[in-house]
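See below for the structure under consideration.
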Amino acid sequence: MIGPSSLAALLAAIARGRNIQLASSLLREGRLVAALEAAGERGASVRVDLEDRPYAGDSAVRVRLAEQNSDVAGALQQHHVDARLRGAGQPPLHLKAAIVDGIAYLDDRNWPECGGDSIVTIDDAADVAALRSAIGGAPQSGPHLATIKGDALALETYAIASSPPSDVLSCETESIGGSAVVDALCARARRGGCVRLLVDRHDLGGGKHVAAAAALRTLADAGVDVRACDGAEKFALAGKQAWLGSANATTGEAGALDWGLQTRSRAVIDRLQAHLDARWAGAGPASQP
């Protein structure tokens, strides 16, 4: 079963959990780190995997984020948590996943304290096993759940391509660039109907601007209504189906550990639609980073 969840629900699960795994490309000091430390102190088995060199377009930011993860890992280790930094020779870690006593929690962002993310739970044993394998460095992908970026985006591409023109198709991504997702959005717009895309305005500048600008021009020329917003979620909605995940609509690092999920859960779709409607109302032209 797949359903919507929250950081509060994950914190409550960690507070009573006995076997806890968590992976994230970034992790900041806050309630989640405190909950993991408390679990370690009371004797739970707690493992945390973080990216050694988190991706950032700016080298100075990359250094700062790497230091942040190193500091958090060191702090967790002081509380009996098996905290590891995933480094060279391993697939880049962009996965945001937690497993607590056989229940998986997936976030499309890095567990932010302020919200602005979508968390879902999964209790299917096969899906949980696939996520556990991915956290361990051996990703697996299936027909509705992927744990590799390339496979995750293939699921999103299928969701876009298979949506009928009679359904409004709405997408959001943090980063944008030439990719199969962009191609699928353009093809879907040319088939007719309404196609909307939200892109994080904070991710349109710097070194990514050239690739993003080219993709945005291509999308606009195809008839996609593109807007920039203050949001970094990743999902696609069309009628009775949705795709959501941690994978951005870019071509880089196709072998990275990332997740993507197709679902028809009405509760999940309604939650995503509410998030999108709120941001769409305040979004502006994507040409203005």
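Mind checking the angle between helix 7-16 and the chain's longest principal axis? C-alpha axes, 0 to 90 degrees, to the nearest 10.
Tilt of helix 7-16: around 20 degrees.
Return the sequence-ordered ³J(HN,Hα) values of the stretch 217-223 in whole Hz as given by the Karplus equation 6.51 cos²θ - 1.76 cosθ + 1.60 applied to θ = phi - 60°, using x for Gly and Pro.
Along the stretch 217-223, the couplings run 5, 4, 5, 4, 4, 7, x Hz.
Compute, for the stretch 1-124, the length of the dipole vector about the Cα centre, with Cβ point charges of +1 (Lys, Arg) and -1 (Asp, Glu) only. Units Debye, rounded to 20.
That gives a dipole near 120 debye.
Excluding residue 224 itself, calculate the net charge of residues whose Cβ lies under 14 Å from the Cβ of residue 224, where each Lys or Arg counts +1 and each Asp or Glu counts -1.
Result for the local shell: +2.
In the stretch 219-260, whose amide N lies under 18 Å from the spot 7 Å out along Cα-to-Cβ of residue 114? List them in ranges.
Residues 228-234 qualify, since their backbone N sits under 18 Å from the label point.
Give me, ordered by chain and number, the residues 5 or more places off residue 84 or on other chains with an amide H under 5 Å from its own placed amide H.
Correct list: 48, 49, 50.
Give me the one-decimal nm value for the distance between modelled label points at residue 12 and residue 264, 7 Å along each residue's Cα-to-Cβ direction.
With each label placed 7 Å out from Cα toward Cβ, I get 2.9 nm.
Across the chain, what fraction of all alpha-carbon pairs, as a whole percent, falls in each successive 5 Å bin from zero upward?
1, 6, 13, 17, 19, 17, 13, 8, 4, 2, 1, 0
When the Cα centres of the stretch 182-229 and the stretch 109-136 are compared, how far apart do they sit, in Å?
Going from one Cα centre to the other spans 27 Å.
Mind pulling the angle between the C-alpha long axis of helix 59-77 and the longest principal axis of the chain? Nearest 10 degrees, somewhere in 0 to 90.
Around 40 degrees separate the two axes.
Convert each backbone phi in the stretch 228-242 into a coupling constant with the Karplus relation 6.51 cos²θ - 1.76 cosθ + 1.60 (shift: θ = phi - 60°), then list the ³J(HN,Hα) values in order as whole Hz, x for Gly and Pro.
Ordered by residue, 3J(HN,Hα) equals 9, 9, 8, x, 9, 7, 9, 7, 9, 10, 7, x, 9, 10, 8 Hz.
Out of every Cα-Cα pair in the stretch 147-285, what percent are more than 20 Å apart?
39
In straight Cα distance, which aspartates and glutamates are under 19 Å from residue 240, not counting same-chain residues fewer than 8 positions off?
Correct list for residue 240: 156, 167, 172, 270, 277.
Taking the radius of gyration and the Kirkwood hydrodynamic radius from Cα positions alone, what is the Rg/Rh ratio for the stretch 2-139, to two decimal places?
Result for the stretch 2-139 is an Rg/Rh of 0.94.
Taking H as built 1.01 Å from N, whose amide H comes closer than 5 Å to the amide H of residue 111, not counting residues under 5 places away?
Counting only residues 5 or more places away or on other chains, the set is empty.
If you restrict to DSSP beta bridges whose two residues both lie in the chain, what percentage is antiparallel, to the nearest 5?
60
If each of residue 28 and residue 138 carries a label point 7 Å out from its Cα toward its Cβ, how far apart are those two points in nm?
A separation of 3.6 nm, rounded to one decimal place.
Using modelled amide H (1.01 Å from N, peptide plane; none on Pro or chain starts), what sits under 5 Å from the amide H of residue 5, excluding residues fewer than 5 places away?
Amide H to amide H, under 5 Å and 5 or more residues apart or across chains, residue 5 pairs with 119, 120, 121.
Using +1 at the Cβ of each Lys and Arg and -1 at the Cβ of each Asp and Glu in the chain, identify which of 144, 36, 247 lies farthest towards the dipole's positive end.
144
What is the sum of charges, Lys and Arg at +1 and Asp and Glu at -1, for the other residues whose Cβ falls under 11 Å from the Cβ of residue 92?
Surrounding charge for residue 92 is -1.
Pairs of alpha-carbon atoms within less than 8 angstrom and 6+ residues apart define the contacts here; what relative contact order does the stretch 1-102 have, in percent?
For the stretch 1-102, the relative contact order is 36 percent.
Label 7 Å along Cα→Cβ of residue 191; the stretch 134-173 residues with amide nitrogen under 18 Å?
153-172
Any idea how far apart residue 41 and residue 166 come out in nm if each label point goes 7 Å out from Cα toward Cβ?
The modelled label-to-label distance comes out at 5.8 nm.
Can you tell me, using C-alpha contacts under 8 Å and at least 6 residues apart, the relative contact order of the stretch 147-285 as a whole percent?
Relative contact order for the stretch 147-285 comes out at 34 percent.
Any read-out appearing in this document is the output of simple, stated calculations on the displayed coordinates, not a laboratory observation. Because the structure is predicted, anything quoted here is derived from the model rather than measured. So basically every Cβ, Gly included, is an ideal-geometry build from the backbone, and we count neighbours across all protein chains shown.
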